[in-house]
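First up is the structure itself, then whatever we jot down about it.
The values are calculated or read from the model by the stated rules, or taken from the named source; none is laboratory data. Remember, it's a predicted structure, so these values are computed and weren't measured experimentally. Here the Cβ positions follow ideal geometry from the backbone for every residue, glycine too, while neighbour counts run over all protein chains shown.
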Amino acid sequence: MRSFSKKEALLFGWQRFKERPLFLIGLFILTTVISGITGFVADEVGTGGVGLVLNVLDFSIQIILGMGMTLILLRVYDRVETDYTDLLEPLHLFWKYLVMTILVLVVVLIGFVFFVIPGVIAGIALAFASYLIIDRNLGPVDAMKESLTITHGHRWNLFIFGLIIFLINILGMMLFGLGLLVTIPISALATVHVYRWLLNPPADRGVEVSIGAKILGTLAFLALLFFGIMLVFFLGTKLAPDNPESRDAQRRSDLIEVKLSAALYQDVNGFFPTTLSDMVPEYLDSIPTDPVSGEPYSYTVYAEGTDYEICTILETIEEFGGIYCEFGLELGSGEDALQEEFFVNQQGA
């Protein structure tokens with residue numbers, strides 16, 4: 001089956017961009033600034049009733065911007081007169097577009113749950129539902145069905161096209177992000193060209209997608225998937241929240257882990273461990289350390305292993321200099337009791 005030419009799509013995107021470069025660059029700057037401001041305000045307010053309202057408002061603004069951008073790009077490609085006020089022209093289609101967006105997200109997320117690849121296929125198959133609502137005024141379900149229809153037989157080519165677009169925009173990011181002002185509009189207009197081609201495939205134009213291209217596309221996808229997983233893992237471990245509250249939560253968690261491990265040790269041996277290292281590796285994988293100093297927590301054993309205390313200094317507590325302890329034998333519950341036992345043991349030592 002013959003499909004669209006990726007080279008032709010990119011050339012059309014470049015040609016249309018050259019016709020109105022300043023307008024398109026201004027469009028993407030404008031929408032990025034609006035999106036950034038609303039997102040920043042919503043994030044700063046955080047949770048609560050006001051935060052919820054602002055997050056809903058932010059999401060709605062993103063929907064409106066997406067609708068307006070789609071309309072303007074279609075008109076630029078079709079060489080129809082358009083300006084920035086057209087961002088608000090499709091407002092009457094808001095509810096259709098919103099429902100379609102939610103349905104597509106649900107379908108794609110379900111697909112990703114089933115080993116990622118079904119989610120990728122669903123995302124490709126439903127990629128043009130938004131265009132069909134703006135361009136053809138279709139309902140949410142009809143737009144999704146039509147997108148499934150026009151992409152049938154072209155999804156491998158669309159997948160490879162998407163990878164090429166992704167790489168082009170990665171190159172755009174390398175020039176301090178300034179290259180994106182050119183690569184994003186070109187990519188968007190190239191995608192409009194593909195949409196127009198799929199709606200009415202010309203009988204005299206098209207290319208065959210070779211087996212080699214499919215294999216290369218699959219390998220590229222697997223490489224990107226691996227890179228993405230590694231990046232998420234790296235960000236999750238290196239960019240975790242670093243503030244007094246999160247550090248104190250880590251300290252409390254470490255002490256509770258030691259306390260549980262020491263209880264297991266005492267059940268087996270009849271006494272508490274003399275040092276933390278006595279519990280490694282049978283009861284502890286490693287000796288926990290303070291998230292700031294990197295030093296092990298203060299651990300002291302009493303009365304030949306009949307009791308112990310392990311202490312740390314919390315940043316968010318002012319009483320008793322922030323001292324927080326866990327013990328082998330509890331005198332009570334709550335931080336006041338822990339502080340009391342700490343001083344009793346200090347005197348007994």
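The conditions of being at pLDDT 90 or above and either outside any helix (DSSP H, G or I) or within 21 Å of TYR297 (Cα to Cα) (or both) are met by ARG251. Once segment 75-113 is narrowed to residues that are within 19 Å of TYR195 (Cα to Cα) and basic (Lys, Arg), the residue that is farthest from the chain's Cα centre (by Cα) is ARG79.
Of all the criteria given as (1) surrounded by 18 or more Cβ atoms within 10 Å (Cβ to Cβ); (2) modelled with pLDDT under 95, the one not satisfied by GLY51 is (1).
Filtered by the rule that a residue be within 20 Å of LEU178 (Cβ to Cβ) and more than 30 Å from the chain's Cα centre (by Cα), segment 18-52 gives LYS18, ARG20, PRO21, LEU22, PHE23.
Selection within segment 127-137: residues that are surrounded by 15 or more Cβ atoms within 10 Å (Cβ to Cβ) and touching a residue at least 24 places away in the same chain (Cβ under 8 Å). The member of this set that is farthest from THR101 (Cα to Cα) is ASP135. The one condition from (1) at pLDDT below 90; (2) under 23 Å from ASN243 (Cβ atoms); (3) surrounded by fewer than 12 Cβ atoms within 10 Å (Cβ to Cβ) that GLU304 does not meet is (2).
Pairing residues of segment 251-271 that are surrounded by 15 or more Cβ atoms within 10 Å (Cβ to Cβ) with residues that are modelled with pLDDT of 90 or more and assigned to a helix (DSSP H, G or I), at Cβ distances under 8 Å and at least 6 apart in sequence or on separate chains, gives VAL258/LEU276; VAL258/MET279; SER261/MET279; ALA262/MET279; TYR265/ASP278; TYR265/MET279.
Can you confirm whether segment 12-19 contains a residue that is of a type in the set (Gly, Ala, Ser) and surrounded by 14 or more Cβ atoms within 10 Å (Cβ to Cβ)? Yes.
Of all residues in segment 1-11, those being part of a helix (DSSP H, G or I) and surrounded by 14 or more Cβ atoms within 10 Å (Cβ to Cβ) number 5.
Among residues of segment 138-176 being without any contact (Cβ under 8 Å) to a residue 40 or more places away in the chain and in contact with a Gly (Cβ under 8 Å, 6 or more places away or on another chain), the one that is surrounded by the most Cβ atoms within 10 Å (Cβ to Cβ) is GLY172.
Scanning segment 291-316 for residues that are in a loop (DSSP other than H, G, I, E, B), touching a residue at least 40 places away in the same chain (Cβ under 8 Å) and not charged (D, E, K, R) yields PRO291, VAL292, TYR297, LEU314, THR316. Looking at segment 26-48, which of its residues are among the β-branched types (Val, Ile, Thr) and either surrounded by 15 or more Cβ atoms within 10 Å (Cβ to Cβ) or part of a helix (DSSP H, G or I) (or both)? Within segment 26-48, ILE29, THR31, THR32, VAL33, ILE34, ILE37, THR38, VAL41, VAL45 qualify. Put simply, of ILE184, ILE133 the only residue that is in contact with a Lys or Arg (Cβ under 6 Å, 6 or more places away or on another chain) and in the same structural domain as ILE63 (by TED's automatic domain parsing) is ILE133.
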